[in-house]
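For reference, the structure discussed in these notes is given below.
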Amino acid sequence: MEELFEFLFGAKGRINLAQHWRSLVIFSVAGLFAAVILFAAAAIAAPLFIVMVVIVFIPWLMWGFAIHNERLHDRNKSAWWLLVFYVVPGVLGHFAKPAWLAGGAGMALHYAPALASFALTIWGFAEIGCLRGTAGPTNTAPFRSPAERSSALCYDTQISGGEPPKKRKKPDGR
């Protein structure tokens, strides 16, 4: 159970492309359940809706952040790229809306940030959801083979800051 919780909500480490898509399917199904719970709470009473947003929606968003953060680590990028892929397009889209009403020049002012927003969104989709991860160790997360992950002797010098254990010599002196 602890491994599942760490896999779903842990923002450390890396996940490959297949794990990312599997996580997104689970994340989407959970989002549908969260939406049903939030709409039911909104229908009952507004204060209950606010409580349910804190209990249901905020952890769901944190889960999505963790999934994408781990994927960016696999691409050797930091989590700050989430701002470029999600926040900047939202801000650009927000600025594009009022420009639409200013006539002919406003139309050009509308399309420039709208197209930039769309381009950043497509770039984020390609970067996070389509491109293969970095082979070997990265600056953001160490690479561990499946055998190393299951081994009790796995020692990560980047996290602990210490020296790796010395290899034991075999009895024949090698």
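A quick yes/no check of all residues on (1) at pLDDT below 85; (2) surrounded by fewer than 15 Cβ atoms within 10 Å (Cβ to Cβ):
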{"position": "47", "(1), (2)": "yes, yes"}
{"position": "84", "(1), (2)": "no, yes"}
{"position": "101", "(1), (2)": "yes, yes"}
{"position": "113", "(1), (2)": "no, no"}
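May I ask you to list pairs of residues, at least six apart or on different chains, whose Cβ atoms are under 9 Å apart, with the first in the stretch 23-52 being of a type in the set (Ser, Thr, Tyr) and the second being outside any helix (DSSP H, G or I)?
23/15
Being small (Gly, Ala, Ser) and assigned to a helix (DSSP H, G or I) is the filter here; which residues of the stretch 49-96 pass it?
Just the residues of the stretch 49-96 that are small (Gly, Ala, Ser), to begin with: 64, 66, 78-79, 90, 93, 96.
If the condition is that a residue be small (Gly, Ala, Ser) and assigned to a helix (DSSP H, G or I), then 64, 66, 90, 93, 96 are the ones that fit.
The values are calculated or read from the model by the stated rules, or taken from the named source; none is laboratory data. Note that the structure is a prediction, hence the values are computed from the model and not measured. FYI the Cβ positions are ideal-geometry reconstructions off the backbone, even for glycines, and counts take in every protein chain you see.
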